Structure formats: C-alpha cells, structure tokens
1. Tell me which of these Ser311 doesn't satisfy, since it passes every other one: (1) over 21 Å from Ala384 (Cα atoms); (2) exposed (fewer than 12 other Cβ atoms within 10 Å of the Cβ).
2. Tell me, yes or no, whether region 190-197 has at least one residue that is open to solvent by less than 10 Å² (accessible area, probe 1.4 Å), in the same structural domain as Cys30 (by TED's automatic domain parsing), at positive phi and in a loop (DSSP other than H, G, I, E, B).
3. Looking at (1) in contact (Cβ under 8 Å) with a residue 12 or more places away in the chain; (2) open to solvent by 20 Å² or more (accessible area, probe 1.4 Å), find the lone condition where Leu93 falls short.
4. Condition test on Leu261, is it open to solvent by less than 70 Å² (accessible area, probe 1.4 Å) and either modelled with pLDDT of 95 or more or out of contact with any strand residue (DSSP E or B) (no Cβ under 7 Å at 6 or more places or on another chain) (or both)?
5. Only residues that are in a loop (DSSP other than H, G, I, E, B) and touching a residue at least 24 places away in the same chain (Cβ under 8 Å): list them for region 149-189, please.
6. Quick check on region 48-64. Is at least one of its residues modelled with pLDDT under 95, buried (at least 21 other Cβ atoms within 10 Å of the Cβ) and not acidic (Asp, Glu)?
7. Give the residues of region 353-368 that are farther than 18 Å from Asn398 by Cα and open to solvent by 10 Å² or more (accessible area, probe 1.4 Å), sorted by residue number.
8. If I go through region 125-165 residue by residue, how many of them are among the β-branched types (Val, Ile, Thr) and under 23 Å from the mean Cα position of the chain (by Cα)?
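The values are calculated or read from the model by the stated rules, or taken from the named source; none is laboratory data. Please read these numbers as outputs of a predicted model, since none were measured by experiment. Positions of Cβ are generated from backbone atoms using ideal geometry, with glycine treated the same way; all protein chains shown enter the neighbour counts. Just so you know, the surface numbers come from the protein's heavy atoms only, side chains and all, with ligands and any DNA or RNA stripped out. Shrake-Rupley method; radii C 1.70, N 1.55, O 1.52, S 1.80 Å.
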Amino acid sequence: MTDEGGDGSYEPVIGLEIHVQLRTKEKLFCPDHTGFGDAPNTNVCPVCLGLPGALPILNRDAVELAVRASLAFDCTVHQHSVWARKNYFYPDLPKGYQISQFEEPLATGGTFRVEADDVSGLDESVDIRIRRIHMEEDAGKSIHDRFESATAVDLNRTGTPLIEMVTEPDFRSPGQVRAWLTAVKQVLEYLEVSDCNMEEGSLRVDANVSLRPVGSEPLGTKTELKNMNSFSGVERALTVEIARQQDVIATGGQVAHQTLLWDERRGDVRPMRSKEESHDYRYFPDPDLPPLKVSEDLIEAVRARLPELPSARRARFREEYGLPSYDAGVLTARRPLADYYEDTARTSGEPKEASNWIMGPVLAAMNARNLEADDFPVRPAHLAELIDLVEKGTINRNVAKDVLGRMLEAATGEGAESPAVKTPADIVREEGLATVSDAGQLEAWIDDALSAHPEEVARFREGEARLKGFFMGEVMKRSRGKADPGEVARLLTERLGKA
C-alpha cells in the first residue's frame, strides 16, 4: 500500500493486539469449565460473577502455558509481574473490571521472524518485535442477533484464561500481517498453548493502523480495527481502512482517533467509539491477588520442554530428508502431521516416497474423514510397510493405493475395534494382490486384450503409437492391476512389433 517516491506519499504503519485463549480445562481464577458450546450461563460461579466475598485462586497450568508462549517468541519472562484491575462497564463484564496485567507484565521484548520461503503471500522475510505478552481473564459474550429487540449475555466465557500479545508497529502492509499471523498461529498450535479456533473465539486479533509520510519517523493518528473473524478478514479490513485514511488525508481532512468495527458482509468499517487511552481504564494493582512470582527453575523447565518449532522443523526436513521447500512446508503445517511423516520416513528409509504418499492419498483420506494425523487409523509403521512393498516390486503403486483403502475400511468399518486391523502384507497375501511377472500369465492377458480389439491393433501398426497406452490399460484391467507394468510394456512391444 506504500506509494513511494515524491512528496505527499504515505505508508501504512500497523501494530497488532492478539488475544489467545489458553488451552486449560479451568478458568484463570476459578475451577469452572472452559469448554465451548455449553448451555449459556452454566459455567459460572461466584468468583467469575464477581459476587461479594468471592476470592480468585490462580490456575498454575495457565501460567505455564503463558510462559511457554513467551519463551517461544523469544521474550524475556519476568520472575515478578503484577495483576491489575482494568475498569470499564459493559453488560458482559459482571465485576465491572477485568483482571489483567499492565505496568509489570509477564514478558517483554520478543522478536518473531517469518521467512518468505515458509509462508505463502510473503515477498520478503520480516522481523516483528513483540512489545509484551501479558495474562488476563476474558470477558463474557454479548449476543446481538438472538432476539429482535434485546441483547443477550452469556457469561460462560467470563474468566477464561488469555494471553495478549502486543506487537510494535512494525508491519507495512496487510499482506505482511496475514502471513505473520499465519505463522504465529502455527507456533501456538505446535506449542499446544491454544487450539486457535477463530470461529470459537480462541484467537482474536485487533489491529492499530495509521499513515505517515514515507521517510518520516513520527506516527500518524491511529485507528483500531475490531470484529475481524479470520486472517483474510484482517487483511481485507486493513486494506479498506488504509484506503479510507488515504482518502481522508487527500481531501484535507484529519483521521480521527477511534475504534472501528469491520463489517465482513458489507466490506467496510464503521465507528464504534472514540479510542480509549490506558488512563481511561483506571488500572491499579488487584488487592485480592499477590504479585505473580515465576521462579527461574520453572522458566528453565518450561524452556527444556519446548518442542521443535515449525521453522526449525522445515529447515531440518529440507536438510535431513532432502525434501523440497514445498514438501517441507506442507508436512510441517501441523505438528501431528509432521510427527506422522517423520515416523514413516525413518521406518521406511524412503523419505521422498513417504512425502509423496502422505501429501497424496494419505492427506486426501485424512481430509475426507476430517481426521488429524494422530487419529488416522493407518499408523506410520503400516504405511512404511506399504511403501516397502512397492519399492520391492511386490505390488505396484495402483494396487498399493487400493490396499491403503482396504486398510482404512478394515480399521474404520462397522465392528472394527482397533486401528489398522490388517497389515498391508496380510491384505496382499489374503487377496492375491502381489504383482504378477510370470510371462505365461502376462501373455495370456495380452492375447485376450489384443484379440478383443483387432481394429485398434491394425491402427497401431499403421502408425497410431499412442494406442499402446490403451492396450496397457486393457491388460491392467484384466489383471486387476496385478500385472507387472514393465514386463507388460516389454511384451506388448514385442507382440505389436510383429507383422
């Protein structure tokens, strides 16, 4: 969106606030359930409702998840941080304040680099600084479309543990934002910090955007964008808002400091309220909660348990297994899939064949059944065995695909009690699917195919060489895919070459 060169050209400056719901079973300060989709106002108690005399008790699991995320994004985790009350009044905030962190957050000073080769839509690698990561509890949910003339309030989400990641204003285009968010989401999923389900509100993004003259250091007046329910929606909303601000400046107006709502259906933004400053929230330390103390031992224990992150795993797959960048990107998109691939590659000793099988028929089967790799019934050891049968010539690739389908049927069909009930070798042996290389049997199938198509034989001998593929198909059909393709091709050449 930058219009470079010449006076009057402006560039966008964008920063993000990312709210991430932590993957805990209980809320941040009470034992209520955090599951999505339960009946409204059933997962509540005196603590999250803010009833008099109810005192908060901190969820240790939430703290460890927050520390894990902070370390993964290269932040400094502080051993001392302070809980604060963020005061505002809204129907879905029953206490009249939100417990958050302000002046002394859990973590500060991170950087997250995204390589252009790792994320589609990114022209060049970007380093985005992370100003802070702090913990807080979520508010409830106001539902505006359930009743004609009223707003309903569901307080189930009240008190759900979150982290908020605040970036520096380092983005210069909506495309950068979308690509970076995609990479952040992938890291959070690898860490098992959050399920990052935007439809359920587990990951929410607010964006601050302003324009400034190209080459200028001071920032322009910013607006905040809310109500963006997908990364594509974030990109579209930013594009629309940047164009709106450009029009305001071009016509001599001044951009107002305000919060805007993105309307996905109409594809535009509308004012929500004037933008608040921190003093509007009257932050002060929560008198019911002592400062959060995170020991160095805990920080180092969490650091030691961090998994290999996606960018490092992509690089290792390229180097260790010789995979192209595209394959490495697909196979590391989700941690269970990367684990599945690595187990298969190591067991089979055929990393590229493992990649081809997983990116092809295996992923197609997973998607058709809406399964993650760790729930896929054909386990890596059996897929490796199937690859080995093909590599040894026991079966050909087409038969192998059929065997994979039969394994899935055996594992998921009615009455199946355990995954992969039959191994590939079992199915090949019991159903007689091994490749046939016996010349006598192959010639019998070839004779049958040629006898059934005398006109095509004559046309081939008159010069229609492409018909050889037709005959190959007819022979393979008669053999139910078991004929050795190489031998069939050789015998066909000999037979059809005769006058």
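1. (2)
2. If we filter region 190-197 for residues that are open to solvent by less than 10 Å² (accessible area, probe 1.4 Å), which is where we start, we get 190-191, 193-194, 196.
Cutting the leftovers down to in the same structural domain as Cys30 (by TED's automatic domain parsing) gives us 190-191, 193-194, 196.
Pick out the ones that are also at positive phi and you get 196.
From what's left, in a loop (DSSP other than H, G, I, E, B): 196.
Checking region 190-197: at least one residue is open to solvent by less than 10 Å² (accessible area, probe 1.4 Å), in the same structural domain as Cys30 (by TED's automatic domain parsing), at positive phi and in a loop (DSSP other than H, G, I, E, B).
3. Here Leu93 meets the rest and fails (2).
4. So Leu261 fails the test.
5. Thr151, Leu155, Asn156, Arg157, Thr158, Gly159, Thr160, Glu168, Pro169, Asp170, Arg172, Ser173, listed by residue number.
6. Looking through region 48-64, at least one residue is modelled with pLDDT under 95, buried (at least 21 other Cβ atoms within 10 Å of the Cβ) and not acidic (Asp, Glu).
7. Asn367, Ala368, listed by residue number.
8. Taking region 125-165 first, the residues among the β-branched types (Val, Ile, Thr) are 126, 128, 130, 133, 143, 151, 153, 158, 160, 163.
Now narrow it down to the ones that are under 23 Å from the mean Cα position of the chain (by Cα): 126, 128, 130, 133, 160, 163.
Selection size over region 125-165: 6.
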